[in-house]
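Below is one structure, written out as structure tokens, with a few remarks after it.
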Amino acid sequence: MNLRSGIRAYLGMAAALGYHAADPERGPRLCFHLKPGSYDTTSLIEVLEQIKTFYAGEPVVLVWDGLSAHWSRGMRAWVAEQDWLTLERLPAYAPELNPVELLWSAIRTRELANLAGDHLADVADAAERGIHRVCSSEQLPWSFLTHTGLTIHPQAPQN
């Protein structure tokens, strides 16, 4: 998501909303990243490296939309070398299937509603307040998944 301050600067936000398939009692976890400007393949790979650390080596299935940086040649080559990461692609033009889009909507309609910050830091602070509000709720991150109609099915044990 790109946010604009009153000075026409952009703040890029990337997030991974994780749901533990094997143990739903562990609850959802949110990993997010803010940066001035837009994301490209290189900056998204840096975010993925942070996600790898955040999820402490657990296998991750990342469901991504069609952003070109998500599916660039460089990204596909990097992902091919990662044994912890599997990518799944959302259908084109299906933001209603992406729980992170609902996260952004929740922040836009509350913390960022009518915000005209004079500095990019004002926008970043408001966005971080929204992220922390969502993280402090036990139900809100689950509601994002429920609203999409998607479910998580743990992988059957291999015999």
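Would you mind telling me which numbered condition in (1) over 22 Å from residue 139 (Cβ atoms); (2) touching a strand residue (DSSP E or B) at 6+ places or on another chain (Cβ under 7 Å); (3) at pLDDT below 90 residue 47 fails?
The failed condition is (3).
Could you check the stretch 44-63 and list, in sequence order, the residues that are part of a helix (DSSP H, G or I) and in contact (Cβ under 8 Å) with a residue 24 or more places away in the chain?
Selection gives 44, 45, 47, 48, 51, 52, 54.
Of the residues that sit in the stretch 64-121 and are closer than 20 Å to residue 11 by Cα, among the aliphatic types (A, V, I, L, M) and part of a loop (DSSP other than H, G, I, E, B), which one is least open to solvent (accessible area, probe 1.4 Å)?
So the residue we want is 112.
Could you look through the stretch 75-95, keep only residues that are modelled with pLDDT of 90 or more and of a type in the set (D, E, K, R), and pick out the one that is nearest to residue 18 (Cα to Cα)?
83
All but one of (1) touching a Gly at 6+ places or on another chain (Cβ under 7 Å); (2) within 19 Å of residue 31 (Cβ to Cβ); (3) open to solvent by 70 Å² or more (accessible area, probe 1.4 Å) hold for residue 55; which doesn't?
(3)
Exposed (fewer than 14 other Cβ atoms within 10 Å of the Cβ), among the polar types (S, T, N, Q) and at pLDDT 85 or above, is that true of residue 151?
no
The values are calculated or read from the model by the stated rules, or taken from the named source; none is laboratory data. Only a predicted model underlies this, so the values are computations on that prediction, with no experimental measurement involved. All Cβ positions, even for glycine, are placed from backbone atoms using ideal geometry, and neighbour counts span all protein chains on display. These accessible areas exclude ligands, DNA and RNA; they are computed on the full protein's heavy atoms, side chains included. Shrake-Rupley method; radii C 1.70, N 1.55, O 1.52, S 1.80 Å.
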